[in-house]
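*Asks:* Structure provided below as C-alpha cells; questions to follow.
No value in this document is a laboratory result; all are computed from the given coordinates. What you see is a predicted model, and the numbers here were worked out from it, not measured in a lab. So basically every Cβ, Gly included, is an ideal-geometry build from the backbone, and we count neighbours across all protein chains shown.
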Amino acid sequence: MSRTGILLLVSGPSGSGKTTLCRRLADEEEAHYSISCTTRAPRDGEVNGKDYHFLDRDDFTKRIQNGNFLEHAEVHGNHYGTLKSEVLNYISKGVDVVMDIDVQGATLVRACEDPEIQTALTDLFVMPPSNGELRARLTGRGTDTDDIIALRMKNALDEIEHWPSYSYRLLSATREEDYTRFKSLIISERLRISRLIA
Ligand code: 5GP
C-alpha cells in the first residue's frame, strides 16, 4: 500500500522560526520545500532558485496570467506566490511538501477545490513564546532596518490573530524542542488513512 503526499502549510509571524523548521525538514529529506516566487529583493546570503525565485513585478504578473500559481498574496508590500509545479508534481508521487506561507495564502490554499490538494492538506501555526521574545528575535536577525522591524512587529501581531484557523499550533520554545514537535507532526500525518492508496 502506498500513499499520496502531505501538503503541510506552515504560517507564523517573522521571527517565529517557521522557515528554519521547514528548511530543516527538507534538509533531512523528510519533505520537499516549496520554493516560492517573490518580488522582494534577496537578503544577504539568499540564493535565487534555492531560497526563492526572485522575480520582477512584470515576470510575477505574467506568471499570474499564465495560471502558474496555486496562490499568491501581497505581504509586507511585496508579492509572494506558490507555483503549482512546486506542489502537485510532488504530492501525486507520494512526496510530502512543506510550505512557508502567510495567513492570506493559507486561506487561499484551504479554499482550493482541487481534491488532490484537499486530501493532501494540513496546516500549522508557529507562535513565538511571547511578544518580548518576538521583538528580540525580529531585532536579532540584523538584516533589516528599524522601520522594517517596526512594520514586521505590527504585521506579526496582526498575523498572530489568525492562529485559530489552523489545525495545529506550535508554541515556540527552543529550536530543538520545536523541531522535535514539528517532525512528529509530519510523522503522525503519514498515518492518516485518507491518503492511503490500496
Ligand atoms: P520573507 O520575506 O520574510 O521571506 O517572508 C515574508 C512572508 O511571506 C512570510 O510570512 C512567509 O511565510 C510569506 N511567504 C513566503 N512565501 C510565500 C508564498 O509563496 N505565498 C504566500 N502567500 N506567502 C509566502
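*Asks:* Report the Cα centroid-to-centroid distance between segment 1-41 and segment 155-198 in angstrom, as an integer.
*Replies:* 11 Å
*Asks:* Moving on to the next point. Treat every Asp and Glu Cβ in segment 33-109 as -1 and every Lys and Arg Cβ as +1, leave all other atoms uncharged, and give the resulting dipole magnitude about the Cα centre to the nearest 20 debye.
*Replies:* Its charge dipole is roughly 220 debye.
*Asks:* Cα-based count: Lys pairs in the chain below 23 Å, eight or more positions apart or different chains?
*Replies:* Lysine pairs meeting both conditions in the chain amount to 11.
*Asks:* Which of the peptides 9-18, 116-125, 84-93 is most tightly packed, and how do the rest follow, judged by the mean count of other Cβ atoms within 10 Å per residue?
*Replies:* 9-18, 116-125, 84-93
*Asks:* Let me ask something additional. Quick check: net charge around residue 2, other residues with Cβ under 11 Å of its Cβ, Lys/Arg +1 and Asp/Glu -1?
*Replies:* +3
*Asks:* Set the Förster distance to 45 Å, then compute FRET efficiency between residue 85 and residue 146 from the Cβ-Cβ distance, nearest 0.05.
*Replies:* The computed FRET efficiency comes out at 0.75.
*Asks:* Please give the per residue volume of the convex hull enclosing the alpha carbon atoms of segment 1-66, rounded to a whole number of Å³.
*Replies:* Normalising the Cα hull of segment 1-66 by residue number yields 134 Å³.
*Asks:* So in segment 2-197, what percent of DSSP beta bridges are antiparallel if you round to the nearest 5?
*Replies:* Given both bridge residues lie in segment 2-197, the antiparallel proportion sits at roughly 35 percent.
*Asks:* How big is segment 46-136 in terms of Cα radius of gyration and Dmax, in angstroms?
*Replies:* 14.9, 43
*Asks:* Further, regarding this structure: Kindly provide the Kirkwood hydrodynamic radius of segment 81-128 in Å, to one decimal, from all pairs of distinct alpha carbon atoms.
*Replies:* One decimal place: 11.5 Å for the Kirkwood radius.
*Asks:* Right, here's the next one. At q = 0.17 Å⁻¹, what is the log10 ratio I(q)/I(0) for segment 2-197, with the Debye formula run over Cα points and no solvent?
*Replies:* Per q value, in the given order, log10 I(q)/I(0) is -1.22.
*Asks:* Rounded to the nearest 0.05, what FRET efficiency do residue 157 and residue 196 have when you use their Cβ-Cβ distance and R0 = 41 Å?
*Replies:* Numbers: r = 40 Å, r/R0 = 0.98.
About 0.50, to the nearest 0.05.
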